[in-house]
Ligand SMILES: C[S@@+](CC[C@H](N)C(=O)[O-])C[C@H]1O[C@@H](n2cnc3c(N)ncnc32)[C@H](O)[C@@H]1O
């Protein structure tokens, strides 16, 4: 799988080497129930190592003592912390940096199991957390309950047909994807044939449908953060290009203090709108994280 991206990744050898290393474990303090200092002290007392993430004050890397798991600690049971991948913390931070969320109604179009919902809900007025997979709704509800978030409503619509009932100020669109960039947790993605062309094409159609519909239900002047955990331009820049060319969104730049690369504007003979260069690719070798793709969009209809 990694060879597929040799032509677009800077420092390909470092990329491959990082993809083959295990992923550092990370978690986030839930400010609704705790503070960074309180959670760090409780975890350190229990023998865990805690190292703050330089770019985001709520996040930290965890060293687990032999035989112990962060998910089995008292701060976790009490909902004071959430175990969450470092790159998964990026979209709510991008949203919060671009828009005051205190009075905002936010849609999380693909929310389960709720890592980003519970992060953004700490700062938003209210969140509608939607996921079309009814089987995953229980985990979403468990997480919002455990973390004590009382401003989250859960829905289960197909994001491609989300109803017109509400006007949103902002949205997260963390779409289903081929997940190739989780290769550090899922080594099967190292295989060249881990994802077939047909699988990719069918998921791209869903991604375009969900992003397009979400842009319709967010007010003009609002913000939409699109994200995936794949390196594939078909699922990333091509999806953003699709909505930009339809006149549904413009792309905004952002910088959260993590190293990243610009969106690619050409892939396998396709050329994308120059706007997509403002989207960001987070590669495993740049920040010692999983891989991720993030686009900050402003709806131009709604
Ligand atoms: C990458 S996961 C979301 C992870 C979540 N945002 C988090 O941070 O915990 C993608 C989610 O999209 C949901 N999904 C797939 N197709 C969908 C659709 N057509 N409409 C809404 N949700 C969909 C899946 O059930 C899955 O839970």
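FYI, it's all coordinate maths here, none of it is from the lab. Since the structure is predicted, the reported quantities are computational estimates derived from the model, not experimental observations. Glycine also receives a Cβ, built like all others from the backbone with ideal geometry; neighbour counts cover every protein chain displayed.
Remarks
- R0 of 51 Å, Cβ-Cβ distance residue 161-residue 10: FRET efficiency to nearest 0.05: 0.85
- If R0 equals 51 Å, the separation of the Cβ atoms of residue 72 and residue 271 corresponds to a calculated FRET efficiency of about 0.55.
- Among 116, 185, a tally of other beta-carbon atoms within 10 Å of each Cβ gives an order, fewest to most, of 185, 116.
- Per-peptide average of other Cβ atoms within 10 Å, ordering 76-88, 285-297, 195-207 highest first: 285-297, 76-88, 195-207
- The value of relative contact order for the range 134-244, using C-alpha pairs under 8 Å at least six residues apart, is 36 percent.
- Fewest-first sequence of 36, 282, 134 by Cβ atoms within 10 Å of each Cβ: 134, 36, 282
- Peptides ranked, highest mean first, by Cβ atoms within 10 Å: ranges 210-220, 228-238, 242-252: 228-238, 210-220, 242-252
- Contact order relative to length of the chain, as percent, for alpha carbon pairs under 8 angstrom and 6 or more apart: 19 percent
- With a Förster radius of 45 Å applied to the C-beta separation of residue 136 and residue 250, the computed FRET efficiency comes to 0.90.
- Taking the range 24-84 and dividing mean pair separation by its residue count, relative contact order in percent (alpha carbons under 8 Å, at least six apart): 46 percent
- Inter-centroid distance (Cα atoms) of the range 236-302 relative to the range 166-231, Å: 12 Å
- Here is how the number arises for the chain: DSSP H runs of 4 or more residues each give -39500 (n - 2.57), the sum is divided by the residue count, and the result at 222 nm is -8000 deg cm²/dmol.
- Cα-based shape type of the chain, given that a ≥ b ≥ c are square roots of the gyration tensor eigenvalues and the cut on a/c is 1.5: oblate
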